[in-house]
Amino acid sequence: MTQKPQQKKIKWGIIGLGGIAHKFANDLITIEDAELYAVASRSQEKADEFAQQYGATKAYASYEDLANDPNIEAVYIATPHALHKDNALMCLEKDIAVLGEKPFAMNAQEVDEMIAKAKEKNVLLMEALWTYFLPHYQYVLKELENKTYGNILKIESDFGFTMPYDTDKRLFNKSMGGGSLLDIGIYPIFSSLSTLGMPNSIEAKADFFENGTDSSCDMIFSYDNDIKSYLKSTIKEVTPTEAIFYCENGTIKINREFHIPTTVTIIANGEQRTIDFGYNPDIFGYRYEAVHFNQLLRAGKTESDIMTFDFSKKLIKLLDDVREIINLEY
Ligand SMILES: NC(=O)c1ccc[n+]([C@@H]2O[C@H](COP(=O)([O-])OP(=O)(O)OC[C@H]3O[C@@H](n4cnc5c(N)ncnc54)[C@H](OP(=O)(O)O)[C@@H]3O)[C@@H](O)[C@H]2O)c1
């Protein structure tokens, strides 16, 4: 009989103990009905250290060993992009619910495979696009949906920072899906997709590092009525990293850094006001997606009603489409 996690804490595992795994673990252990039960690394020492830091019971030196632990109910996949699909399939096969980091996988075909497996096994699967669950982003979505300031006329959304070129790092590693587009370009694209939907046409232009990973990517998404989204990702320049929605009767600006807990400024009727969402500085913001995931799991759901399969499919399709235009193949 399938165990129903009703009264107890949901037992979580984390696969791939890098930068984001630390942040996620920091937030996960603040959730009352979640337990960081197990972690898995390619190195026992790293797993032991991580487990000790966050109070996990089990520390595995292989991802497979974690997936074979029958106690695990939910897993967070925090490996490089190119491994997401295989890691997800491995866990779904063992009936473990999967919260998989963005980009969900390398291309639409891989995402389709993951969704098909989740459906076949009747197990929860969700892309960890955490911004979707942040209260300031939900607030902006509501304001845009209600047309508080009229229809959107234009979006400007960017994500840019610098890091020295180093092919030992995941961000620049072509075989791991490195480059700006998949890593951070996904956020500006998300800001357009979540508000205006799929564009009618896409223009894109990119610059590349010597190993063929993209150092920057500029995109224009065109919609009906000449509405356009101007989107940018770059790892060779610090940019405002804001999402600005220009509407008929006002502007909604998600301030720096728009994809993490931040403030929102409304410019309308000749006035400007900034809304503070009272985020807890001790929490990075991954808590919101994890709470949602726990709720889905407890409700016996196999798909999120916010980060739906359809949305993940559209998001990866847009990344595929942009890659085709800029000639970026992995
Ligand atoms: N939602 C967000 O805000 C956010 C932020 C950053 C990154 N991410 C996503 O999370 C994923 C991981 O990013 P990260 O910044 O945490 O990367 P990272 O610091 O490089 O960590 C990735 C981990 O994956 C494991 N791994 C397995 N095979 C690997 C290989 N061949 N090369 C490198 N690492 C390998 C390693 O863990 P072990 O050594 O323990 O096996 C490594 O520590 C990416 O897909 C990224 O897009 C999301």
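Every read-out reported here was derived from the displayed coordinates using simple, explicitly stated rules and does not represent laboratory data. These figures come from a predicted structure and were not determined experimentally. No Cβ is skipped: glycine too gets one built from the backbone with ideal geometry, and neighbour counts run over all protein chains shown.
Numbers at a glance
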| item | result |
| --- | --- |
| Mean ellipticity per residue at 222 nm, deg cm²/dmol - from DSSP H runs of n ≥ 4 across the chain, formula -39500 (n - 2.57) | -9500 deg cm²/dmol |
| Residue among THR213, ALA128, GLN52 farthest towards the positive dipole end of the chain, charges placed on Cβ | GLN52 |
| Under 12 Å from the Cα of LYS102 - aspartates and glutamates, other chains or at least 8 residues apart | GLU127, ASP183 |
| Percent antiparallel among DSSP beta bridges (both partners in the chain, rounded to 5) | 55 |
| Highest-MSF residue in the chain out of LEU36, LEU182, LEU144 [GNM, Cα springs under 10 Å] | LEU144 |
| Among ALA299, GLY16, ASN280 - extreme Cα towards positive end, dipole of the chain, charges at beta-carbon | ALA299 |
| Alpha-carbon centroid distance for the pair the stretch 154-223 / the stretch 104-122, whole angstrom | 22 |
| Signed unit charges on C-beta, dipole axis of the chain, positive-most listed residue THR241, GLY177, SER191 | SER191 |
| Debye, to nearest 20: dipole size of the stretch 135-280, +1 on Lys, Arg Cβ, -1 on Asp, Glu Cβ | 180 |
| Rounded to the nearest 20 debye, dipole of the chain from Cβ charges on Lys, Arg, Asp, Glu | 580 |
| Top of ASP168, ASP112, ASP183 by mean-square fluctuation, Gaussian network on the chain, Cα under 10 Å | ASP168 |
| Given charges at beta-carbon only (K, R positive; D, E negative), |dipole| of the stretch 18-175 in Debye | 460 |
| Selection of chymotrypsin sites (Phe, Trp or Tyr not before Pro), the stretch 234-289, meeting DSSP coil and at most 14 other Cβ within 10 Å | PHE277 |
